[in-house]
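Colleague: Okay, handing you the structure first.
No lab work stands behind these numbers, since they all come straight from the coordinates. Quantities reported herein were computed from a predicted structural model and do not represent experimental measurements. Here the Cβ positions follow ideal geometry from the backbone for every residue, glycine too, while neighbour counts run over all protein chains shown.
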Amino acid sequence: MADPTERRDAIREILREHDIASQDELIEKLERRGYRTSQPVLSRDLRALNVAKQAGMYRVHEEERVTPLEALRALLRSAKPVSHFVMLRCEPGAASAVARALEAEALDGLVGTIAGDDTVLVASSSHAASQRVRRRVQDLL
C-alpha cells in the first residue's frame with residue numbers, strides 16, 4: 001500500500017503539470033506512476049489537498065478558502081456566553097461554516113469551536129474572551 005503522503009505529492013504534481021477533467025483520468029495518471037488507488041481514496045486525497053474543479057479542471061488551491069464571518073451574518077440567530085463558552089445558534093447546516101469563519105478571525109482568547117448542524121460551541125480562555133466572542137457575533141445580528 002502506498003504512503004498517502006507520497007500519493008498526495010504525486011497528485012499535486014500531476015495536477016500542476018496536466019489539465020485533468022475527471023477522477024478516472026487522474027487515477028490513470030497515478031497508476032502510470034505506480035500508485036494504485038480507488039475512487040473513494042482519491043476523493044479523500046483531493047479533499048485533503050484542497051482540490052476543487054475550476055473551469056472544468058481539477059486545481060489545487062494552496063490557500064484555504066474561508067467565508068468571512070460578515071458574509072454569514074444571515075445564518076446567525078443568537079450568541080449566549082456561558083462562563084468560558086459561547087453557544088451560537090444558526091441556520092440548519094451552517095454551523096461548520098460559521099465555526100470556521102469565527103476561527104479564521106483569530107479573536108484573542110478563542111480556544112476553538114465545535115460545530116453541529118445548527119449550533120456552534122465556542123470555547124474561550126476566559127470569561128472576558130467569551131464576552132468578546134459574544135459581542136463580535138452580536139454585532140452581526
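Colleague: With the crude spin-label approximation of a point 7 Å out along Cα→Cβ, what separation in nm comes out for residue 139 versus residue 18?
Modeller: My value for the distance between the label points is 4.9 nm.
Colleague: Continuing with the same structure: Work out how far the C-alpha atoms of the chain reach from end to end along every principal axis, then list the three figures in whole Å, largest first.
Modeller: Largest to smallest, the principal-axis extents are 56, 30, 22 Å.
Colleague: Sticking with this one: Could you give the Stokes-Einstein D for region 4-60 in µm² per second, using the C-alpha Kirkwood radius, 20 °C, 1.002 mPa s? Could the numbers behind the result be given before it?
Modeller: Numbers: Rh = 11.0 Å.
Once the numbers are plugged in, D ends up at 195 µm²/s.
Colleague: Helix 23-32 sits at what angle to the longest principal axis of the chain, using alpha carbons and giving 0 to 90 degrees rounded to 10?
Modeller: Roughly 50 degrees, rounded to the nearest 10.
Colleague: Against the longest principal axis of the chain, how steep is helix 127-138, in degrees 0 to 90 to the nearest 10, with axes from Cα atoms?
Modeller: Relative to the chain, helix 127-138 is tipped by roughly 80 degrees.
Colleague: When the Karplus curve 6.51 cos²θ - 1.76 cosθ + 1.60 is applied with θ = phi - 60°, which whole-Hz ³J(HN,Hα) does each residue of region 109-122 get, with x for Gly and Pro?
Modeller: Calculated HN-Hα couplings, in order: x, 6, 8, x, 9, 10, 10, x, 8, 10, 9, 10, 9, 9 Hz.
Colleague: Classify region 69-138 as rounded, prolate or oblate, taking a ≥ b ≥ c as the square roots of the eigenvalues of its Cα gyration tensor: rounded when a/c is under 1.5, otherwise prolate if a/b is larger than b/c and oblate if not. Mind showing how you got there, number by number?
Modeller: Details: a/c = 1.66, a/b = 1.54, b/c = 1.08.
Prolate, since a/c reaches 1.5 and a/b exceeds b/c.
Colleague: Further question on the same structure: Against the longest principal axis of the chain, how steep is helix 39-48, in degrees 0 to 90 to the nearest 10, with axes from Cα atoms?
Modeller: The two axes meet at around 50 degrees.
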